[in-house]
1. Report Rg (one decimal) and Dmax (nearest whole number) for chain B, counting Cα atoms only, units Å.
2. Please compute the per residue accessible area over the stretch A:4-46 with all protein chains in place, 1.4 Å probe, rounded to a whole number of Å².
3. Starting with the highest mean, order B:57-70, B:17-30, A:84-97 by the number of other Cβ atoms within 10 Å, averaged over the residues of each peptide.
4. Residue by residue through the stretch A:99-112, which ³J(HN,Hα) values in whole Hz follow from phi under the Karplus form 6.51 cos²θ - 1.76 cosθ + 1.60 (θ = phi - 60°), with glycine and proline marked x?
5. Would you calculate the volume per residue, in Å³, of the smallest convex hull containing every Cα atom of the protein assembly as shown?
6. Which far-off residues, 5 or more places away or on another chain, put their amide H under 5 Å from the one on B:G97, with H placed in the peptide plane?
7. Which value, in Å² rounded to 10, gives the accessible area of A:K68 with a 1.4 Å probe and all protein chains present?
8. For peptide B:45-51, what's the mean number of Cβ atoms from other chains within 10 Å of each residue's Cβ?
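The values are calculated or read from the model by the stated rules, or taken from the named source; none is laboratory data. Quick caveat: nothing in here was measured; it's all calculated off a predicted structure. A quick note on method: Cβ atoms are made from the backbone with ideal geometry, for glycine too, and the neighbour counts reach across all protein chains shown. Surface accessibility is based on the protein's heavy atoms, side chains included, excluding ligands, DNA and RNA. Shrake-Rupley method; radii C 1.70, N 1.55, O 1.52, S 1.80 Å.
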Amino acid sequence: AQSVTQPDIHITVSEGASLELRCNYSYGATPYLFWYVQSPGQGLQLLLKYFSGDTLVQGIKGFEAEFKRSQSSFNLRKPSVHWSDAAEYFCAAPSNTGKLIFGQGTTLQVKP
Amino acid sequence: DAGVIQSPRHEVTEMGQEVTLRCKPISGHNSLFWYRQTMMRGLELLIYFNNNVPIDDSGMPEDRFSAKMPNASFSTLKIQPSEPRDSAVYFCASSQGGSNNSPLHFGNGTRLTVT
């Protein structure tokens with residue numbers, strides 16, 4: 001079955017440090033892939049998306065993600081984390097029936 | 001652009017009562033989704049509509065849940081009767097087209113507590 005997996009439930013980084021959040025998917029063909037961010041008490045907001053073409057995609061708030069077919073991964077990165085980046089991050093991909101499947105989410109805590 | 005608007009933001013009700021959650025999608029979007037978020041199960045798609053027509057309701061937990069979209073600018077999710085296990089945050093999202101390649105725009109959710 002198609003699935004999206006985020007191996008890390010909780011990650012803590014120091015402000016100014018680099019960040020990488022992992023996402024793995026299982027699909028037959030190249031999927032569309034998304035990263036969303038959810039701040040407390042808010043809905044999810046799109047950070048970036050990959051459809052085709054350049055495997056390194058840029059998003060809002062200084063985030064980027066790289067699609068690696070060989071590893072079935074779409075990891076989210078940011079070179080220098082800010083305290084305001086503390087939130088929950090979701091990787092997602094549509095199923096073959098059109099449903100958007102979300103990973104379990106990774107909660108990011110930023111230490112001062 | 002006002003975004004997806006959900007009401008109420010918070011709802012506290014007693015077991016057995018009827019609950020109605022409301023959603024106004026972004027104007028021009030033709031797909032609407034209802035999600036439920038809990039700590040245990042994460043984000044679950046309950047139902048989605050395309051051009052006001054329910055396309056997939058396989059995520060609706062049971063007959064106590066129903067959703068309608070009478071027009072392009074309004075949708076409701078109703079729980080009757082409500083149970084404590086229905087306590088969750090319910091999100092509405094809309095997109096221009098299906099979710100395959102159209103990003104979803106989420107509302108801020110309705111936090112439902114059933115006592």
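1. 13.2, 40
2. Per-residue value: 45 Å².
3. Top to bottom by mean Cβ count within 10 Å: A:84-97, B:17-30, B:57-70.
4. Rounded to whole hertz, the list is 6, 8, 9, 9, x, 6, x, 10, 8, 9, 10, 10, 8, x.
5. Cα-based convex hull of the protein assembly as shown, divided per residue, equals 126 Å³.
6. B:N30, B:S31
7. Around 80 Å² of this residue is reachable by solvent.
8. Mean partner shielding for this stretch: 1.
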